Each structure stands twice: as structure tokens, then as C-alpha cells.
Amino acid sequence: AMSNSVLTKKILNKSKSKPTSRKNFGCFICKVVVPGPYLKLVIHFKHVHCMKTSKRVSNPLICGQNSCSAQLMSFRSFRHHLLECEYFQGDNVTSRTAVPQIESMSENESIDGSVDVDFDVAEKPKVCEKQVQVAKLFLNLRTTFNVTNSALNFFSAEMTKILAEAAKSPLSLIENAFTNLNSQTKRSAFYIKNFGYKSPKHLLSLQQRRWANRFEKLCILERNQALIPNHMSYLKSTKLHQLAMFCFCLLNLPPCLMSQLAHIHPFAVCKTLDVVEDNFGFVLREFMKELEELESEEGMLLDISDMPNFRIRGTLVSVSADTKGAHEIGGFMSPSANKFCRLCLIHRSEINFKSNVDQLVLRDRNNYDQAVVASNERVCDISQSGIKYASLLNASRYFHFAENLNFDAMHDFLEGVAPFSIKLVLHAMATIYPELGVDAAFLNQRIENFQYSFNDLSNKPSAKFTDDNIKASVNYSTRQRAGQNFCLINMFALLVGDKISEGNIHFT
């Protein structure tokens, strides 16, 4: 029988092994001491070694406290052993010199319920804290600011170079480099001072200048009570805040680069209502100032540090715009006028009788300038020539708007000629040849069942034709978008061609 003194000593030793009395356990994997109670060791296993501590394990858990090499097969028994281990020395604990190789923890482990969060088991090396911070930065840039992956790749490569060079510099210089550029105002000021950057100009349109003058008068009369008049409140149009963007591109670049967005440079953004009222004047006047310098004999001097006295010369070659915008920039009347064409002097009443270019009188610099003079002298002559005023772009040494041959393919063809031709053919099929069975139901079924190519899937036509719409003699709308009309006119022969007999005059 055991003596009472020995039994009391063992009971006292066990009482010292309570969970709250033992702290700073050693990790048998990474050989470090985890400060805190047993719960901190469990969290260390989860966050650092990606263990699952709520399941059983297939590989043994090593005690690792000083020279203890006990192996346990569950976290419950592992916890019990740590609280009873005779090698435990608290703050003086040291890791074992030889630790068996531990691959990973299985999904069949469970502890006593103190922590119930699952973490996937994986053989992952310890991740650098700075790398985690950089990864979170990239995620924030992607999710919050919609930064592209290519931009992140460029940012990562450039920052790697900068930090590699900055490793030899004091830390204060690196901090100042970011602190001095942490706002748009600071960055713009730095660009202007060091890179020759010119900030965009804010110009007032004619209407805005009128309201500004009116506001100044109100301020004189009622200094303390004057309010800026909200002239926008009087306009109920849905195009109230429609923007007009003016861009340019350099034609001496390779064709593969000219269509890329990075090589299409905007030089003005404004409200459409403002530019239309001023005949695009307050935008084009600024553009012509630089164009005049480019077209001069001296050219435009560029401030390039390693290329002194570097000058460039250039001119305006062509102007591309939609039909309405081109008419307004060129000084022409509306496309619905009798003299509607920018290319020739045809009258609307002559459309059905003049289908050959040889029958038309084309516009040139001479008849354009004569029409401008006549329009300035007599307003009634505007309808005779179709020109209201001279385009500001004609001040160029080499460019004249009468010789600008760029037309709006989308509005003129895809939303004009294409739906017009399709509706004429469908109207003939439904009224002249009803026995062919090319009606709305047939056409909609063919459109839905047609096997479109991958490139046409995003622009496949919508199956929403109706018999009334097809038979209407004055309605030439297909109720499709421009891209859908392009796909429809390309596939139209395949959609209905098997129903049409060879030699049909309306189809061919």
C-alpha cells in the first residue's frame, strides 16, 4: 500500500497541471515556443500549419516538450498529455532536437470542444507576412477599383525594380517618396514640375458664360442672398447630361496599334448641349491653336530632356463622327434637310432618279466657301446649299471639311441601308409571294434555331418580327441593334434562301 505522504504529493503535483496553470507550450513542428495557454497552441497549429483540430489524425502528434517524445493519435489525448507531461517546464521549455516528419493532419481529429473552427489540411510552407499584405493590396485594387490583371502585373514588376534599388537608400527616403505622391493634387504638381505635364483646361460654354455673367450681377445686387441659378432644372430632356468626347490618333503608327484604346487620345470632354449651342466653337478653337503650331514651318517644340530642340510637325487628315455630329462640326444642315448630303449637292427629291456618281455635283472647297458667303448674306440661301456656317476646322492649311470623305458606317449602313433592304425583301415575300410561307413566325423560328458561329453569338438577331411589322409599307425598322442588323444581313440568305426560287427579282 502506498503511504499517505506519497499519495498527497502526487495529488498536489496533478493539481499543478490544470489548464490554467500551464502556459508557453513548444510546437513539435516548427520548434518554437507559443506563448500563452494550450488554446494558443491549437490556434498556432491551425493558422501556421493549416491543421484541422476537430478531427482525428492519421499521423502521430509529438509532445515535443523538452526531451519528451510521446506520440498521441488525437488532440484530446494530446491535450491531456501536455497537461500531465513531467518534462514540461513552462517558460524554460525547449524544443526537441529530433522531430519525426509530420506530413499533415487528417480530417478525423477532435479536441475537447474548446475550439470548433475547421481549417483545411494542406502541406503549405510558412507564408511571409509582407507577401500576404501585398496579396491583400492586389485584391483590394481588383475588387474595389476594378484594376486589371495586366495593370497589376506591370505594377508588381515596376515596384520590384524600385524596391530593389531603394534597398540601398535610407528608409526615410522611401517613405517620403510615397508620402509626397499620396493624393491627386500632389501627383499633378509633381508631374507639372518634373515631367512638363499640362493639366486639362476647364472652359465655359456660351450658355455657361451667360449664366456666370448673370450670377455676377446677382452678386452685386444681393451679395448675401445670391444663389447660383440652376438652369439645368429647366431642361427636361433625357439627353441632359449626354457627353461628347473628342479624340485623336496618329496615323503614322502601325495599323495594328491604331485601333488600340491606348493609342486613341482624348483631348476634350464636354456636355453635348454646350457644344451644339456654340457650334463646337469653344472646343475646336483650342484644338486649332495647337494645330496651327503643328502646321507651322517651325513645328511644335517638345520638352524632352535627352533630345534638345526636338520638334514635330503634323496636320489634320480626316474627321470621323456620327452623321449628326459630322453635320454640326462641318456646318451642314440636319440630315433630314433637302440638301442632306455632305458629299454632293443632290436634292432629296432627286434620290430616285440619280443613282450614279457621274450624275452628281460633288462638294469641293470652292462651292463650299461660296455657299458659306451666300448663307451669311441671305439666310434663305441656306436651304439651297445645305450649309449654315463655315467649319472652324477649315482654318487648317491642308484640311477642308468639304473634302472629308469619312462617313458613319453604323448609322448610314447598319441602321439605314441594311434594315431598309431587309424590310423591302420581307415585305415583298409577305405581300407578293405569300405562297412561299416567309412570314413572321417562320422567320422567328429560323432565327432561333440557326447555328451561329462563336463570333456572332453576342450579336445574333432577336426573334421579334411580327406580320404587321413586315407588311407595313412605310415602316423600315427591323427592331434590331446595329450589330444584330449586321449579323442578320450576313445570314439572311441562309435563313430564307431555301424558300426562294432561283432568279427571283426581289431577292437577287
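Can Gly299 be described as open to solvent by less than 30 Å² (accessible area, probe 1.4 Å) and either at pLDDT below 85 or touching a helix residue (DSSP H, G or I) at 6+ places or on another chain (Cβ under 7 Å) (or both)? It is false that Gly299 is open to solvent by less than 30 Å² (accessible area, probe 1.4 Å) and either at pLDDT below 85 or touching a helix residue (DSSP H, G or I) at 6+ places or on another chain (Cβ under 7 Å) (or both).
Residues of segment 325-363 that are surrounded by 16 or more Cβ atoms within 10 Å (Cβ to Cβ) and touching a residue at least 60 places away in the same chain (Cβ under 8 Å): Gly325, Ala326, Ile329, Gly330, Gly331, Arg342. Can we say Ser473 is among the small types (Gly, Ala, Ser), in contact (Cβ under 8 Å) with a residue 40 or more places away in the chain and open to solvent by 10 Å² or more (accessible area, probe 1.4 Å)? Judged against the criteria, Ser473 is a match. Residues of segment 299-316 include none that is part of a helix (DSSP H, G or I), aliphatic (A, V, I, L, M) and in contact with an Asp or Glu (Cβ under 7 Å, 6 or more places away or on another chain).
Of the listed requirements (1) under 23 Å from the mean Cα position of the chain (by Cα); (2) of a type in the set (Ser, Thr, Tyr); (3) closer than 20 Å to Gly196 by Cα, Ser259 misses just one: (3). Comparison of Asp358, Asp408, Asp381 shows that the only residue that is closer than 30 Å to Leu495 by Cβ and either assigned by the TED database to the domain that holds Ser473 or not small (Gly, Ala, Ser) (or both) is Asp408.
Residue count for segment 375-388 satisfying the condition of being free of Cβ contacts under 8 Å to residues at least 40 places away in the same chain and closer than 13 Å to Gly331 by Cβ: 2.
Residue-by-condition table, conditions (1) farther than 22 Å from Val283 by Cα; (2) open to solvent by less than 80 Å² (accessible area, probe 1.4 Å); (3) assigned by the TED database to the domain that holds Phe332:
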residue: Phe399; (1), (2), (3): no, yes, yes
residue: Glu403; (1), (2), (3): no, no, yes
residue: Ala418; (1), (2), (3): yes, yes, no
residue: Lys423; (1), (2), (3): yes, yes, no
residue: Leu443; (1), (2), (3): yes, yes, no
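In the set (1) open to solvent by less than 50 Å² (accessible area, probe 1.4 Å); (2) more than 30 Å from Ala321 (Cα to Cα), Met491 fails one condition alone, (2).
This table checks each residue for (1) at pLDDT 85 or above; (2) among the acidic types (Asp, Glu); (3) open to solvent by 80 Å² or more (accessible area, probe 1.4 Å); (4) over 30 Å from Glu328 (Cα atoms).
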residue: Glu158; (1), (2), (3), (4): yes, yes, no, yes
residue: Glu175; (1), (2), (3), (4): no, yes, yes, yes
residue: Lys198; (1), (2), (3), (4): no, no, yes, no
residue: Ser205; (1), (2), (3), (4): no, no, no, no
residue: Ile220; (1), (2), (3), (4): no, no, yes, yes
residue: Leu227; (1), (2), (3), (4): no, no, yes, yes
residue: Ile264; (1), (2), (3), (4): yes, no, no, no
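Residues of segment 134-156 that are in a helix (DSSP H, G or I), loosely packed, with under 10 Cβ neighbours inside 10 Å and not β-branched (Val, Ile, Thr): Phe145, Asn149, Ser150. Pairs are defined by a Cβ separation below 8 Å, a sequence spacing of at least 6 or placement on different chains, a first member in segment 306-322 that is of a type in the set (S, T, N, Q), and a second member that is exposed (fewer than 13 other Cβ atoms within 10 Å of the Cβ); the pairs so defined are Asn309/Leu301; Thr315/Arg397; Thr315/Tyr398; Ser318/Leu405; Ser318/Asn406; Ser320/Asn406.
The values are calculated or read from the model by the stated rules, or taken from the named source; none is laboratory data. Only a predicted model underlies this, so the values are computations on that prediction, with no experimental measurement involved. When we count neighbours, we look across all protein chains shown, and the Cβ atoms used for this are built from the backbone with ideal geometry, even at glycine. Side chains are part of the model used for accessible areas, which takes the heavy atoms of the whole protein and leaves out ligands, DNA and RNA. Shrake-Rupley method; radii C 1.70, N 1.55, O 1.52, S 1.80 Å.
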